[in-house]
Amino acid sequence: MTTTVTGPAETGLLLPVPDDDGASFWSYTADGELRVQACSRCGERRFPPRPCCPHCQSFDSEWQRMSGRGRIWSYVVAHPPLLPGYAEAAPYAVLVVELADDPAIRLVGNLVAAPDAPLGPAAAGKLRIGAPVRVVFREVAHGERRMTVPRWMLERP
């Protein structure tokens, strides 16, 4: 189960700049779905998205929906000095999450205490490599630009 937070966007954070290959990923996150690119020929999933399959060199691809579950593969807790929008939220955790559906796929995102929680301390005492997490989505804004980004919550807070 995934959760998308609606309402006022979190502001002051840098936003990803989608390219042609990754635009679909961001379109799916706006719909509250976590999808990764997969080769239509050999079936291998890949992230980050790219035009050609690194396994069979096919240019045919599709987007497969993931369960939104994973485990912490690595993490860091950010402390100042940081950019202003981030310094206000510090300390906060940045995770590398290995997806349960495909352990070769790893995504980077922030740990949050609840779907509607801003960046900040989130169960820091329970943060460990291998801890199970699930995806939630939050709209963030920088100036006039808005995007929905995946974030992670501990399965067992």
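Can you tell me the relative contact order of the chain? Whole percent, Cα pairs under 8 Å, sequence separation 6 or more.
Numbers: 344 pairs, mean separation 43.8, N = 157.
Taking the mean separation of contacting Cα pairs over the length of the chain, I get 28 percent.
Mean-square fluctuation check for the chain, GNM, Cα pairs under 10 Å: which of Ala90, Ala23, Ala141 is largest?
Looking only at Ala90, Ala23, Ala141, the biggest GNM fluctuation is shown by Ala23.
When all protein chains stay in place, what accessible area (Å², nearest 10, 1.4 Å probe) is found for His55?
We get 110 Å² for His55.
Would you work out the relative contact order for the stretch 48-132, in percent, from Cα pairs under 8 angstrom that are 6 or more residues apart? Before the final figure, lay out each step's value.
Working: 126 pairs, mean separation 23.0, N = 85.
Worked out over the stretch 48-132, it gives 27 percent.
Just for the chain, what percent of DSSP beta bridges are antiparallel, to the closest 5?
Working: 33 of 39 bridges.
Of all bridge pairs located within the chain, approximately 85 percent are antiparallel.
Using a 1.4 Å probe and counting only protein heavy atoms, arrange Ser74, Ser58, Ser40 so the residue with the most accessible area comes first. Intermediate results must be reported in sequence, preceding the final value.
Working: Ser74 40, Ser58 5, Ser40 65 Å².
Output order, biggest surface exposure first: Ser40, Ser74, Ser58.
Net charge within 12 Å of Ala117 by Cβ-Cβ distance, Lys/Arg positive one each and Asp/Glu negative one each, not counting Ala117 itself?
Combined, the nearby Lys, Arg, Asp and Glu give 0.
On the full set of protein chains, 1.4 Å probe, figure out the accessible area of Trp73 and give it in Å² to the nearest 10.
110 Å²
Starting from the Kirkwood Rh over alpha-carbon pairs, what translational D in µm² s⁻¹ does the chain have by Stokes-Einstein at 10 °C and 1.306 mPa s?
This corresponds to a translational diffusion coefficient of 98 µm²/s.
Most mobile of Arg50, Arg35, Arg138 per a Gaussian network model of the chain (Cα springs, under 10 Å)?
The residue that fluctuates most here is Arg50.
How much length is gained on full extension from Leu15 to Arg50, taking 0.36 nm per residue of separation minus their Cα-Cα distance? Could you put the intermediate results ahead of the total?
Numbers: separation 35, 0.36 × 35 = 12.60 nm, distance 1.97 nm.
Taking Leu15 through Arg50 to full extension adds about 10.6 nm, to one decimal.
Just checking the chain: which Cys have no other cysteine's beta-carbon under 4.7 Å?
Cys52
Anyone know which of Val133, Val96, Val77 comes out most mobile in the 10 Å Cα GNM of the chain?
Among Val133, Val96, Val77, the largest mean-square fluctuation in the Gaussian network model of the chain belongs to Val77.
The values are calculated or read from the model by the stated rules, or taken from the named source; none is laboratory data. None of these values were measured; they are calculated from a predicted model. Cβ: placed from backbone, ideal geometry, glycine included. Neighbour counts: every protein chain shown. These area figures cover heavy atoms from the full protein model, side chains too; ligands, DNA and RNA do not enter into them. Shrake-Rupley method; radii C 1.70, N 1.55, O 1.52, S 1.80 Å.
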